[in-house]
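Undergrad: Sharing a structure here in structure tokens format.
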Amino acid sequence: MLLDAPLTLPHLSGIGGHVCLPGSKSMSNRALLLSALARGETIVENILDSDDVRYMVQALETLGLQLTNNWDQHWIKIQGCAGIWPVKGTELFLGNAGTAIRPLTVAVALGDGRFVLDGVPRMRERPIQDLLDAMNTLGMQVRSLHETGCPPVEVIASGIPGGVTELSGAISSQFLTALLMVAPYAKKDVTIKIKDKLVSVPYVVMTLEMMKHFGVKVEHKNFEQFYIQHGQVYQSPGHFYVEGDASSASYFLAGAAITGKTVTVEGCGKMSLQGDVNFADVLAQMGATVEWTPHSVTVTGNGLQGVDIDMNTMPDAAMTLAVAALFANGPTRIRNIYNWRLKETERLHAVSTELRKLGADIEEGVDYLVIEPPPQIKSTSIETYDDHRMAMAFSLAACGEGQITINQPDCVSKTFPDYFDVLLSLQC
């Protein structure tokens, strides 16, 4: 269900059943780039068909790689280039896909010529200067074309000299991920020192595990300093299976917790590389019953209690928590979420604004949110700010008595094009 017009949701008095999750966006784009940089041919299975992933695929094709796409069956075959791009200089348009533009900014430096990476207007507001500074320290030649510290970015490519660099980890772990994935192809060893606090550490763990699957090792000291030996070459594993998206799982699990039903999501579980799978444990802290298998998780709702919790390691699922908090007994405090302000939209302000429209009392701090649930959910139209996670998280407000309309529901195409079809299929 992709609609340009506003979508008025029915009252979701019960959300229960089974969900087979679409592939993870974060894993899909990492797997695509690692396959592209590898020696040999890789088939990436359970690939997510979404805007962000298609931007990555289009970029790799523009860079001269041979890809065979089967979107209907969710697999893509890639002939890797072993770190040598066939195309000498080009322009890449990445929409609002942070998981594409950040690693590709580093990856194109392996090539030869002038590369320009750009996106939609919101992408031109999303900071990337910390990554550019680290790249320049490692001998690359890169700059923000408009001198804003944001895209568009120009890379004058002639390989990566390597060496030692410092990197801020306070805004996004994607900057570190970008450097890590490309560093094995530097001309000498690379050391990356985190000069402040690294956010979203589970995403870095995912990156390291996926690099290992493609045959490259990274040494680190407590996620504060990383060492990558040059001369390593990614080797295709032949096939790579993308886990189901744990961030998307959060909506269905929270729906069950809110409505007192049972939902099982298939595709991620105790064996998952994704940090957001641990959102189920947050729901357990709030009173839900949680059952795990290696590749699935089941949540049963028993009424929710407010919590005080640091959500820095799973910022996307924190948005789901913010809406679930409307149905809790007592206030919920969500801490350490400053990087919400630098996502697809300014999420702290956006979430606060829409929660207030639903009747909640909100305290918005620089990096935290306190939610006092309303006696009853008010009827309202939810602005999505062209942010897929706003649309999906706030759909859960329809579990209350108010009539909820989602504006711009088609923005979910970024990661989960048929989200509303799946959600409505779980009414019980």
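Derivation of every value follows stated rules applied to the coordinates shown; laboratory data play no part. Predicted, not measured: the structure shown is a model, and the values here were computed from it. Don't worry about glycine lacking a Cβ; one is built from the backbone with ideal geometry, like all the others, and counts go over all protein chains shown.
Undergrad: Which shape class, rounded, prolate or oblate, goes with region 280-428 when its Cα gyration tensor gives a ≥ b ≥ c as root eigenvalues, a/c under 1.5 marks rounded, and past that a/b bigger than b/c marks prolate?
TA: Working: a/c = 1.19, a/b = 1.04, b/c = 1.14.
Rounded.
Undergrad: So what is the calculated 222 nm ellipticity per residue for the chain, using -39500 (n - 2.57) for each DSSP H run with n of 4 or more, over all residues, to the nearest 500 deg cm²/dmol?
TA: Working: 12 runs with 122 residues, N = 428.
Computed ellipticity for the chain at 222 nm equals -8500 deg cm²/dmol.
Undergrad: Among all the aspartates and glutamates, which ones have a C-alpha under 18 Å from Lys217's C-alpha, if same-chain residues fewer than 8 places away are not counted?
TA: Answer for Lys217, where 18 Å is the Cα cut-off: Asp189, Glu209, listed by chain and number.
Undergrad: Might you report the magnitude of the Cβ-based charge dipole of the chain about its Cα centre, with Lys and Arg at +1 and Asp and Glu at -1, to the nearest 20 debye? Walk me through the numbers before you get to the answer.
TA: Numbers: 32 positive and 46 negative charges, 189 e Å.
With only Lys, Arg, Asp and Glu charged at Cβ, the dipole is about 900 debye.
Undergrad: What is the local net charge at Arg114, summed over the other residues whose Cβ is closer than 10 Å to its Cβ (Lys, Arg +1; Asp, Glu -1)? Please list the in-between numbers first.
TA: On the way: positive: Lys88; negative: Glu91, Asp112, Glu154.
With Lys, Arg at +1 and Asp, Glu at -1, the neighbours total -2.
Undergrad: Considering only the other residues whose Cβ falls under 14 Å of the Cβ of Pro375, what net charge follows from Lys and Arg at +1 and Asp and Glu at -1? Spell out each step's value before the answer.
TA: Working: positive: Lys378; negative: Asp361, Glu372, Glu401.
Overall, the nearby charge balance is -2.
Undergrad: What are the aspartates and glutamates whose alpha-carbon lies under 15 Å from the alpha-carbon of Lys221, with same-chain residues fewer than 8 places away excluded?
TA: Within the straight-line cut-off, Lys221 pairs with Glu166, Asp196.
Undergrad: Another question about this same structure. With the contact rule set at Cα under 8 Å and sequence spacing of 6 or more, what percent relative contact order holds for the chain? Working shown, then result.
TA: Numbers: 1080 pairs, mean separation 81.3, N = 428.
This gives 19 percent for the chain.
Undergrad: Which pairs in the list Lys25/Lys378; Lys212/Lys261; Lys212/Lys270 are over 31 Å apart, alpha-carbon to alpha-carbon? Present the calculation step by step, with values, prior to reporting the outcome.
TA: Details: Lys25/Lys378 33 Å; Lys212/Lys261 39 Å; Lys212/Lys270 19 Å.
Violating the 31 Å limit, Cα to Cα: Lys25/Lys378; Lys212/Lys261.
Undergrad: Where Lys and Arg each count +1 and Asp and Glu each count -1, what net charge lies around Arg356 among other residues with Cβ under 13 Å from its Cβ? Don't skip to the end; give the middle numbers.
TA: On the way: positive: Lys357, Lys378; negative: Glu354, Asp361, Glu363, Glu364, Glu372, Glu383.
With Lys, Arg at +1 and Asp, Glu at -1, the net is -4.
Undergrad: Now, a different point. Can you classify region 76-179 as rounded, prolate or oblate using the Cα gyration tensor, where a ≥ b ≥ c are the square roots of its eigenvalues, rounded means a/c under 1.5, and otherwise it's prolate if a/b beats b/c and oblate if not? Don't skip to the end; give the middle numbers.
TA: Values: a/c = 1.41, a/b = 1.14, b/c = 1.23.
Note, shape of region 76-179 comes out rounded.
Undergrad: With each pseudo-label sitting 7 Å past Cα toward Cβ, what's the Thr62-Ser13 distance in nm, one decimal?
TA: 5.1 nm
Undergrad: Just flag the chymotrypsin sites (Phe, Trp or Tyr not before Pro) in region 1-82 sitting in loop per DSSP whose Cβ has no more than 13 other Cβ atoms within 10 Å. Provide the component values of the computation, followed by the final result.
TA: Details: sites: Tyr55, Trp71, Trp75; in loops: Trp71.
When the chymotrypsin sites (Phe, Trp or Tyr not before Pro) of region 1-82 are filtered for loop state and at most 13 Cβ neighbours within 10 Å, Trp71 remain.
Undergrad: Further, regarding this structure: Give the calculated FRET efficiency between Glu219 and Ile156 to the nearest 0.05, with a Förster radius of 30 Å applied to their Cβ-Cβ distance. Let's see the in-between values first.
TA: Values: r = 30 Å, r/R0 = 1.01.
Working from the Cβ atoms, E equals 0.50.
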